[in-house]
Amino acid sequence: MHLPKNAHVALVDGENFVVMRNGGAPLEPKLDRSEKPDLSASNYSAGVKHQDDAGQALGRTDLEELAHGAAAAAWLNAKAVAGEIDDILVIADPKTLGEMRRHYHTELEKRLVGEIAKTLTGEPTKRIEQIIADA
């Protein structure tokens, strides 16, 4: 994947959110930790489509995780609208990524250079860099 120099990389799952920056070349990313935003999950509209009893009983739906994904998208939206993010790669587990997409602002969509549907929070930086380069 071609990741522009200074592009932001958002690593998201149902509980964690870390933003990194690419200090390396577009085809050889070198990620530096930029920030770990403190989110308050308040958008529980995320779970409206997941209200079935069977899904919750079997553990397939966690409203807190979905609300966290919506909060991460809201944070990214605010940064994009403010012009603080030019290029962004979003890496999130498939369920969180799907929820985040529902909340993307058009300004964020314009700045999106890619998405990777994979859980990489907690992985070593070198592994994340390699997965981005191979994508």
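Throughout, read-outs are computed from the coordinates displayed, never taken from laboratory work. Please read these numbers as outputs of a predicted model, since none were measured by experiment. Every residue, glycine as well, gets a Cβ built from its backbone with ideal geometry; the counts of neighbours run over all protein chains shown.
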Quick one: what are the phi-derived ³J(HN,Hα) couplings along the range 90-98, Karplus 6.51/-1.76/1.60 with θ = phi - 60°, whole Hz, x for glycine and proline?
9, 10, 8, 4, x, 5, 5, 4, x
Non-local amide H neighbours of LYS118 (under 5 Å, H modeled in plane, Pro and chain starts lacking H): which ones?
ALA92, ASP93
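Compute the Cα gyration tensor for the range 74-135, then decide on rounded, prolate or oblate, letting a ≥ b ≥ c be the square roots of its eigenvalues: rounded whenever a/c is under 1.5, prolate when a/b is larger than b/c in the other cases, and oblate in all that remain. Write out the running numbers ahead of the final one.
On the way: a/c = 2.19, a/b = 1.57, b/c = 1.40.
Cα axes put the range 74-135 in the prolate bin.
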Which of the lysines could a cross-linker bridge to LYS95, judged by Cα under 21 Å and excluding same-chain residues fewer than eight apart?
LYS36, LYS49, LYS118
Computed ³J(HN,Hα) along the range 110-118: with the Karplus parameters 6.51/-1.76/1.60, θ = phi - 60°, integer Hz and x for glycine or proline, the list is 5, 8, 5, 9, x, 9, 10, 8, 7
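Suppose R0 equals 25 Å. What FRET efficiency, 1/(1 + (r/R0)^6) with r the Cβ-Cβ distance, do ARG102 and THR125 give to the nearest 0.05?
Details: r = 29 Å, r/R0 = 1.16.
Calculated transfer efficiency: 0.30.
Ranking ASP13, ASP32, ASP87 by Cβ neighbours within 10 Å, fewest first, what do you get?
Values: ASP13 22, ASP32 11, ASP87 17.
So the ranking, lowest neighbour count to highest, is ASP32, ASP87, ASP13.
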